[in-house]
Amino acid sequence: MSKRILIVGSLVATFLLGTAFTISNEKDKYFEIIKNIEIFTNLYKEVNTNYVDEIDPGQLMRTGLEAMVGSLDPFTNYISESDIEGYRVINEGKYHGIGTKSKKIGEYITITELYKDQPADMAGLKAGDRFISVDGQSALNRSMEEMEEIMRGFPGTTMRLVINRPGVSENINIELTRGDVDVPNVPYFGMLNEGIGYINLSIFTRNAGRNIIEAFQSLKQENPDLKGLVLDLRGNGGGLLNEAVNISNIFIPRDEVVVTTRGKVKDWDRAYKTVNQPIDTEIPLAILVDKGSASASEIVSGVMQDYDRGILIGQRTYGKGLVQNTMEVGYNARVKVTTAKYYIPSERCIQSVEYKNGEPVAIADEKRARFKTRSGRTVLDGGGVKPDILLDAATDDGIIKSLLQDDVIFNYVTEWAQDHPTIDSTDTFRFTDFASFENYLQRTNFSYQSDAEKVLKTLAEKATAEEVNLTNEITALQLKFDNAQASELNKHRDLIIRLIEKEIAGRYYYQKGKVQIGLRNDPEVNEAIRVLNNTEEYSRILGN
């Protein structure tokens, strides 16, 4: 009896000590929070009061907030009032604005793409136009964030723009009315050759699932003998989780788990299942993915892989398997906090585990945990979704990457379009003047420096600094690099023509035309057509 009392007493004591330790830890944690908030407040006040130069208090605070959340992961973000429109694009598929994509090229923000029939398009703006001023405020050397700030306004209000258009000698004055910009999430669907349908999904915004269903049903109605479908998620950075569930539900049965979320707060853990009857659980599927496919795109592609419902073709996806919740923090600002991780049906997490400069770093397969699909195929976690058919990304090659990153093709097409007010339809248009592109490269002194050339430049600088004469050797090597660059241009001639055609089509037929013409001689699309027409190979890949 005494032994039993002793054991029970020991257990109670252990429990009380553990509870006390937990409570103590919680108290210590909250004390640290209160202490550090006070330190932060005092530091902020002292710096603002005593720093030698004038300080913008709002910008200083934003820098501190962004550094704080940025130390956690790339997706936990502070969203200021000026950033709220970008947040609305993902959540609603629309925003208050003018309907363009833009980037900074040189000293000015330049329009790179317009959405059809949106305010900028209706006002006559064009891709390649540079913003000189907005409502009298100069746009010179403005960042994208600063431009969004001065262009922000309510739908129905107007702004006065001064635009510089390449090929036009004088600046152009345009009065533009802001509006609700609707971003299409299914810019194109249609038939590929040999009875294979195609649907492009550009973003997981509201009604994405319904729009995919309508596109799919339209293809089936117009093509009763449809024998395969290609779903293109390349470059799709994700969006709404419920739309990923809705799209998965089109192809898998009701009551199947699509994704579970698990985090620190166990009450928030959830399993998302399909709730509707599927549209088609039999049609062969090919899902195209690349390193730009993230989040909701990885859920859909991963679900199709885990249930052996379709084959994945392309490059490994980005690796964003984190759930963010957005909380109000006052003054119309928000903080988007990572609160959980996604787990797809095989129980693997697609989140990348290593980052460099905010980008995921590939890790070796042997370091990644192994899981099984429904039919027993081995799949891996910890770094995106690996396609069943892995193809090289041609745009990652040196000279192609340089042509795109340095906006060379974009600027060439801007100049080309000045002499071509119209083009043929995307079905018949062909770019046949490659010589003019080569001349453009010469006129603009385009130079591509490979990694090896960068090493050579460093060697030349070190040799000069150390007074070692390698002039003849370095000149000879540089000549070889110059010859290799010319041959590399010819080597990628067909791909460069494809990229030029896509850019041209976007100028005249918007996002739809860009997608449509890009299907021509697309390696991933051609591979999808081949496999979907080979029943035996398709079944073998899926482990059937």
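At a glance:
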| quantity | calculated |
| --- | --- |
| Rounded to whole Hz, the Karplus (6.51, -1.76, 1.60) HN-Hα couplings of the stretch 311-316, x for glycine and proline | 9, 9, 10, x, 10, 4 |
| Sites Glu354 and Thr378 - FRET efficiency at Förster radius 22 Å, r taken between beta-carbons, to 0.05 | 0.50 |
| Cut-off under 5 Å, modelled amide H: who pairs with Gly319 long-range | Ser295, Gly384, Val385 |
| Relative contact order, percent, the stretch 173-269 [alpha-carbon distance under 8 Å, six or more residues apart] | 25 percent |
| Taking the stretch 368-484 and dividing mean pair separation by its residue count, relative contact order in percent (alpha carbons under 8 Å, at least six apart) | 13 percent |
| Stretchable slack from Lys227 to Asp180, in nm (0.36 nm times residue separation minus alpha-carbon distance) | 13.0 nm |
| Asp365/Asn544 FRET efficiency (R0 35 Å; Cβ-Cβ; nearest 0.05) | 0.90 |
| Solution diffusion estimate, µm²/s, Stokes-Einstein, the stretch 456-544, Kirkwood Rh from C-alpha pairs, 25 °C, viscosity 0.890 mPa s | 139 µm²/s |
| Heavy-atom SASA rank of Thr281, Thr63, Thr373 (probe 1.4 Å, accessible area, largest first) | Thr63, Thr281, Thr373 |
| DSSP-loop trypsin sites (Lys or Arg not before Pro) across the stretch 175-274, with at most 10 other Cβ within 10 angstrom | Lys264 |
| Karplus-derived HN-Hα couplings along the stretch 29-40 (A = 6.51, B = -1.76, C = 1.60, θ = phi - 60°), whole Hz, x at Gly and Pro | 5, 5, 4, 4, 4, 4, 4, 6, 5, 5, 4, 4 |
| Long-range HN-HN contacts of Val259 with modeled amide H, under 5 Å | Tyr272 |
| 10 °C / 1.306 mPa s Stokes-Einstein diffusion coefficient of the chain, Kirkwood radius on C-alpha pairs, µm²/s | 59 µm²/s |
| Listed peptides 144-157, 469-482, 100-113 by packing density, highest first (mean Cβ within 10 Å) | 100-113, 144-157, 469-482 |
| Farthest positive-ward along the stretch 190-341 dipole, Cα basis, beta-carbon charges - from Asn325, Leu241, Ser295 | Asn325 |
| Note, ³J(HN,Hα) from phi for the stretch 530-544, Karplus 6.51, -1.76, 1.60, rounded to Hz, x at Gly and Pro | 4, 6, 5, 8, 10, 4, 5, 5, 4, 5, 5, 4, 7, x, 8 |
| Calculated FRET value between Lys104 and Arg270, using beta carbons and R₀ = 35 Å, to 0.05 | 0.30 |
| Alpha-carbon gyration tensor eigenvalues x 5, square-rooted, for the stretch 285-375, Å | 27, 16, 13 |
| Candidate lysines for bridging to Lys480, where Cα separation is under 27 Å - those fewer than 8 sequence places away on the same chain excluded | Lys401, Lys454, Lys457, Lys462, Lys491 |
| Extent along principal axes [Cα atoms of the stretch 296-446; Å; largest to smallest] | 55, 50, 31 |
| Apportionment of accessible area to carbon and sulfur, the chain, percent (1.4 Å) | 52 percent |
| Relative contact order of the chain, pairs being alpha-carbon contacts under 8 Å that are 6 or more residues apart, as % | 11 percent |
| Farthest toward positive dipole pole in the chain [+1 Lys/Arg, -1 Asp/Glu at C-beta], among Leu312, Thr464, Asn526 | Leu312 |
| Stretchable slack from Thr428 to Thr157, in nm (0.36 nm times residue separation minus alpha-carbon distance) | 93.5 nm |
| Within the chain, helix-based [θ] at 222 nm, where runs of 4 or more DSSP H residues each add -39,500 (n - 2.57), nearest 500 | -13500 deg cm²/dmol |
| Gly228 long-range amide H proximity, modeled H, under 5 Å | Gly197 |
| By accessible area with a 1.4 Å probe, ligands and nucleic acids excluded, highest first: order of Val52, Val468, Val413 | Val52, Val468, Val413 |
| The chain - accessible surface per residue (Å², probe 1.4 Å) | 54 Å² |
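The values are calculated or read from the model by the stated rules, or taken from the named source; none is laboratory data. Since the structure is predicted, the reported quantities are computational estimates derived from the model, not experimental observations. Cβ coordinates were reconstructed from backbone atoms using ideal geometry, including for glycine residues, and neighbour counts include every protein chain displayed. Accessible surface is based on the protein model in full, side chains and every heavy atom, while ligands, DNA and RNA are left aside. Shrake-Rupley method; radii C 1.70, N 1.55, O 1.52, S 1.80 Å.
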